[in-house]
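What follows draws every value from the coordinates through simple rules; no lab data is involved. This one's a predicted model, so the numbers in the text were calculated from it and none came from an experiment. Reconstructed Cβ throughout: ideal geometry from the backbone, glycine too, with neighbour counts over all protein chains shown.
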Amino acid sequence: MSYDAIILGTGGVGSAAALHLARRGASVLGLDRFAPGHDRGSSHGETRIIRQAYFEHSDYVPLLLRAYDLWRELEQVAGEPLLRQVGLLQIGPADGAVISGVLASARKHHLAVEPLSPAEISQRFPAFRVPAGMSGVFEPTAGYLHVERCVLAHIAAARQHGAEFRTAPVRSFLPEGRGVAVELQSGEVLHAERLVVTAGPWAPQLLASLGIPLTIRRKHVYWFRSSVQSMHASAGCPTFLYELPGGVFYGFPVIDALGLKVAEHSGGEPIADPLTDLRRLDQADLERVRGFVDEHLAGGVAELVRHSVCFYTMSPDEHFLVDRHPEMPQVVFAAGLSGHGFKFTSVLGEALADLAQEGSTRLPIAHLSVRRFAAG
Ligand SMILES: Cc1cc2nc3c(=O)[nH]c(=O)nc-3n(C[C@H](O)[C@H](O)[C@H](O)COP(=O)(O)OP(=O)(O)OC[C@H]3O[C@@H](n4cnc5c(N)ncnc54)[C@H](O)[C@@H]3O)c2cc1C
C-alpha cells in the first residue's frame, strides 16, 4: 500500500498537516507511537497561550493572523470552541525583550495593544502585582487554546477527509526513488510519495541528518487551587506573562476545577529522550514557581492540585525549523518549535502541506528555513 503522504508524528503540527493534505484530496497516513491527544510529547496540559503581537520576532505576525483564521475554521468544523480570547497581560521592564518586542510587533503590523502603567494594571486587573520599575501591555485579542481538543479536532477533521491514522512507532525512513520508505518498529515497511516529519521532542533522532543541534528541555507545569475571584477568567482575568530578573513566568486564569495554571518559560533541564524520562516532580522548580505566585499573584501561595511534565525542543536560535529536507526533497518537516509553537500548529500544517505538494509555499516562512544555519 502506498500513500501520497505519510505524517510521522500526529501531535500538534502533524495533526494539522494531515487535515490540510487530506482535504486537498491526498491519501494520507498519520503514524504516531501514542494515541491522539496523549500526554507524552509537547501538546498536552489543557491550555496554550495564543497571541499576535509577537515579542520573539515581528516576522511571525503574518503567520499568526493566518493561524487565527484557521483555528476559527477548525472550531466551525469541530462544533466546539477551541480558542478563548480572554486577553494577555505581559509585565516586564519597558526596555526588556517582552514589552519592547510586543510594542515593536504591534506597531509594525497595526495590532491593537494597550500599554498600561502599574496603577492602571492594579485597577483593571487586581489579580496582578507589578514589581517596581516595571510596566505592562495588554493584548485583548490574545488568549488560550484548548490544546488536546485542538489536536483531536484536527485528527477528526482529517479523518472526515479520508485520512487514516495508526498507533505505531516508526524506526526509520529512507528515500526510495522519488518517494520514501518508512519502517515501523515492527519491521513493516510503508511507502509514500512524501513524508512529513513532525516528531516534536523526538526530532533530534529522526532529523539528525540535518546536522542542526536540537536540545530537549523538561518543563514542569503546575495547577494551584485558587478561590481568589480576581484570578478567574469569569471575572475578567486574562492569561499572563512576566519577564522578571529571575526568569520568565506565565500562566492562565482559573477556568475550571483544576485552578490556576502557572509555569516557568525560561530554564528547564536538558534531557536525552522523553521516552525514558521519569517526569518526576522537581521540588526546586516547584519552589521557584511558588515563589513567583506568592510575590506576584493575588492570594499568593496555594495548594498544588496537579503537576505535569512536557518537553520543549529548542533550536540553536529558538526559532522554528520548517522546510524541505536539503538532501531529501520528498521529506518536509517542522521541528525545534522551542517552547512557543502550539499557537502556530494550524498554519504550520498548511505550510507543510504546501511544501509537500508544491515544493514551496506562499506563506511567509522564509525566516524559518534551515538555510539560515548554513549561511551562518
Ligand atoms: C509546558 C509547555 C508549555 C507550552 N506553552 C506554549 C504556549 O503557551 N503557547 C504556544 O504556542 N506553545 C507552547 N508550547 C510549545 C508547544 O506546545 C509545542 O511547540 C508544540 O506543541 C509542539 O508540537 P509538535 O507537533 O512539534 O510536537 P508533539 O505534539 O509532541 O508531536 C510529536 C508527535 O510525534 C510522535 N512521534 C515522535 N517520534 C515518533 C516515532 N518514532 N514514531 C511514531 N510517532 C512518533 C509523538 O508521539 C508525538 O505525538 C509549550 C510547550 C510546553 C512543553
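Points worth noting:
- Additional length obtainable on full extension of the chain from Ser369 to Met1, 0.36 nm per residue less Cα span: 129.3 nm
- Based on C-alpha pairs under 8 angstrom that are at least 6 apart in sequence, the range 161-287 has a relative contact order of 18 percent.
- Residues of type lysines that Lys261 reaches as a straight line, Cα spacing below 26 Å, ignoring anything fewer than 8 places off in the same chain: Lys219, Lys343
- Relative to the longest principal axis of the Cα atoms of the chain, helix 61-78 runs at roughly 80 degrees.
- Full extension of the segment from Arg124 to Gln160, taken as 0.36 nm per residue of separation minus the current Cα-Cα distance, would add 8.5 nm.
- Summing +1 for each Lys or Arg and -1 for each Asp or Glu among the other residues whose beta-carbon sits under 12 angstrom from that of Gly291 gives -3.
- Under the criterion of Cα pairs below 8 Å and six or more residues apart, the relative contact order for the chain equals 23 percent.
- Point-to-point label distance, Glu80-Ser172, nm (Cα→Cβ direction, 7 Å offset): 4.0 nm
- DSSP bridge analysis restricted to the chain gives an antiparallel fraction near 70%, rounded to the nearest 5.
- Between 0 and 90°, nearest 10: helix 97-109 axis offset from the chain longest Cα axis: 70 degrees
- Computed over the chain, the per-residue total of -39500 (n - 2.57) for DSSP H runs of n ≥ 4 gives a 222 nm mean residue ellipticity of -8000 deg cm²/dmol, rounded to 500.
- Within the shell of other residues whose beta carbon sits under 11 angstrom from the beta carbon of Phe224, the net charge comes to +2, with Lys and Arg scored +1 and Asp and Glu -1.
- With contacts taken as Cα pairs under 8 Å at a separation of at least 6 residues, the range 88-174 carries a relative contact order of 33 percent.
- Cα-based shape type of the range 312-376, given that a ≥ b ≥ c are square roots of the gyration tensor eigenvalues and the cut on a/c is 1.5: oblate
- Potential lengthening between Ala298 and Arg279 on full extension [0.36 nm per residue; Cα-Cα distance subtracted]: 3.9 nm
- Less than 5 angstrom separates the built amide H of Val305 from those of Trp223, Phe224, Arg225, all sequence-distant by 5 or more or on a different chain.
- Amide H contacts under 5 Å for Leu244, placed H, 5+ residues apart: Phe249
- Angle of helix 147-160 to the longest C-alpha principal axis of the chain, folded into 0 to 90 degrees and rounded to 10: 30°.
- Rounded to whole Hz, the Karplus (6.51, -1.76, 1.60) HN-Hα couplings of the range 292-299, x for glycine and proline: 5, 4, 4, 7, 10, 10, 4, x
- Point-charge dipole on Cβ atoms (K/R +1, D/E -1) for the range 283-364, about Cα centre, debye to 20: 160 debye
- Phi angles of the range 252-268 translate, via the Karplus equation with coefficients 6.51, -1.76, 1.60 and θ = phi - 60°, into HN-Hα couplings of 10, x, 5, 10, 7, 5, 5, x, 7, 9, 9, 7, 9, 7, 6, x, x Hz per residue; Gly and Pro are given as x.
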